[in-house]
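First the structure, in the form of structure tokens, and then the observations on it.
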Amino acid sequence: MKQPLTVTCPTCRAPVEWGPQSPHRPFCSERCKLIDLGAWAAEAHAIPGENLEDELFSGELPPRGH
Ligand SMILES: [Zn+2]
């Protein structure tokens with residue numbers, strides 16, 4: 001017996017059958033696919049230097065004394 005291969009939708013964790021009946025695999029739907037692509041694009045467009053600057057600034061704060 002051959003079991004149908006299923007994968008987990010990366011966005012909503014729903015089981016998705018891996019086959020022509022799931023055109024958006026590994027996503028369960030076009031909606032989940034767009035959500036994931038949107039999240040990826042937001043990360044790609046983030047400026048890496050911003051976080052570094054915040055860390056440097058917080059490092060200038062005087063140490064907390066008791
Ligand atoms: Zn999904």
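The values are calculated or read from the model by the stated rules, or taken from the named source; none is laboratory data. For clarity, every value in this text was computed on a predicted model and none was experimentally measured. Glycine gets a Cβ as well: all are built from the backbone with ideal geometry, and neighbour counts include every protein chain shown. Surface accessibility is based on the protein's heavy atoms, side chains included, excluding ligands, DNA and RNA. Shrake-Rupley method; radii C 1.70, N 1.55, O 1.52, S 1.80 Å.
Of everything in the stretch 15-30, what is assigned to a loop (DSSP other than H, G, I, E, B) and touching a Leu at 6+ places or on another chain (Cβ under 8 Å)? Give them in sequence order. Before you say what the answer is, go through the steps one by one.
From the stretch 15-30, those assigned to a loop (DSSP other than H, G, I, E, B) are 18-29; that's our starting set.
Across the stretch 15-30, the qualifying residues are TRP18, GLY19.
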**Request:** Report, by residue number, each residue of the stretch 9-19 that is within 9 Å of the ligand (Cβ to nearest atom) and loosely packed, with under 15 Cβ neighbours inside 10 Å.
**Result:** CYS12, ARG13, ALA14
**Item:** Filter result (open to solvent by less than 70 Å² (accessible area, probe 1.4 Å) and within 16 Å of the ligand (Cβ to nearest atom)) within the stretch 20-50
**Value:** SER22, HIS24, PRO26, PHE27, CYS28, SER29, CYS32, ASP36, GLY38, ALA39
